[in-house]
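Here, each number is a calculation from the coordinates, and none is a lab measurement. Keep in mind the model is a prediction, meaning the values are calculated, not measured. Glycine also receives a Cβ, built like all others from the backbone with ideal geometry; neighbour counts cover every protein chain displayed.
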Amino acid sequence: MLESQQTHHRDSDLVLSATFSYLAYGLSIRAAMPLPELVEETDGKADGEVSIRFGPVHGPPVGISKKDGVRFSTAAQEDYLYWQEVGSFLVREGREIIVDPSPDLDERVLRLFILGPIMAVLLHQQGHLLLHASAVTVAEEAVLFLGDAGWGKSTIAAALHDRGHGLVADDVTVLRLEEGCPVVLPGFAQLKLWPEALISLGDDPEKLPRCNPRFQKRARRAVHGFSLAPLPLKRIYVLGRDGTSEIVPLRSQEALAELVRHTYGALGAGRTPHFFACASVVNRVEVCSLSRRWSLSQLPHLVRLVEEDLARSN
């Protein structure tokens, strides 16, 4: 629980005595609470520093109702977020996150929000493109699986990881646009998987911690092949369900629509820079549909299908 942390931030008006240092998304992160999902920083060679600290976050301006899941911009590069049972958050200039959690909040839940939608806002502020995708490394290049919640992104990534491919990101993939090929910024070495998926992969879900005490999804650490080094983006697969297992390249217009639709968070959608960022990716990276009859028994076949497709393109 966060009782002691909350008391401390009220008394000191912002800062905890303990500071934890981590690396993720090419950033050096200083946090006022442990974030065990992240890689601990030891050499200080990350590109930029981010501060995550506790402090009071005031409610919306007069005239804006405080609804669950509300988000609004209070100024340029400043965003406020609120969930009734989680708390209030303020994200500033792509460098600072202020956390004002609800009383007695389970720390696992707080970490889910900080490392999910809150960090996404910060990365959006830095100008990165975020996709609702999981990613693995194949032959030192990143391969993305794009799709909505429940479409099997994490399960496919876990199966490929078990085949010896490195994990890059789960559920949210961050792209930095550079000349030539878009670059993927690795997140952290953890997958969130449902018990039935874990069983199909040979794991015992009862031996893995729950991501959220209210749900059955478990946290599975990547045991090998995770690197913080940025990776060139090789291919994007858009998951679909139509009863067959096949990979079909998408036309540019179709691929662009899928990237816009599967942007993580609504922050960038509809804005001109966001549209051009998606178009830039489509112009440089092949986007394919990966349709399948979703069944865990078909997972080995699906993984071989992906590996064979990538091998043909080399």
Requested in this report: Would you mind telling me which numbered condition in (1) assigned to a helix (DSSP H, G or I); (2) in contact with a strand residue (DSSP E or B) (Cβ under 7 Å, 6 or more places away or on another chain); (3) not polar (S, T, N, Q) Ala197 fails?
Outcome: (2)
Requested in this report: From Val121, Val99, Val109, grab the single residue that is touching a helix residue (DSSP H, G or I) at 6+ places or on another chain (Cβ under 9 Å) and either crowded, with 16+ Cβ neighbours inside 10 Å or in a helix (DSSP H, G or I) (or both).
Outcome: Val99
Query - Residue in region 203-211 that is surrounded by 22 or more Cβ atoms within 10 Å (Cβ to Cβ) and in contact (Cβ under 8 Å) with a residue 24 or more places away in the chain present - result: no
Query raised in the report: Hey, among the residues in region 145-194 that are among the polar types (S, T, N, Q) and in a strand (DSSP E or B), which one's farthest from Arg108 (Cα to Cα)?
Result: Thr173
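Answer with yes or no whether Ser289 is hydroxyl-bearing (Ser, Thr, Tyr), farther than 17 Å from Lys153 by Cα and not in a helix (DSSP H, G or I).
Against the criterion (hydroxyl-bearing (Ser, Thr, Tyr), farther than 17 Å from Lys153 by Cα and not in a helix (DSSP H, G or I)), Ser289 does not qualify.
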Requested in this report: Determine if region 220-231 includes at least one residue that is of a type in the set (Lys, Arg), touching a strand residue (DSSP E or B) at 6+ places or on another chain (Cβ under 6 Å), within 30 Å of Phe72 (Cα to Cα) and surrounded by 17 or more Cβ atoms within 10 Å (Cβ to Cβ).
Outcome: no
Query raised in the report: Out of region 157-188, which residues are small (Gly, Ala, Ser) and touching a Phe, Trp or Tyr at 6+ places or on another chain (Cβ under 9 Å)?
Result: Ala157, Gly166, Ala169, Gly187
Query - region 132-164 - residue that is farther than 17 Å from Ala197 by Cβ and not small (Gly, Ala, Ser) and, of those, surrounded by the fewest Cβ atoms within 10 Å (Cβ to Cβ) - result: Glu140
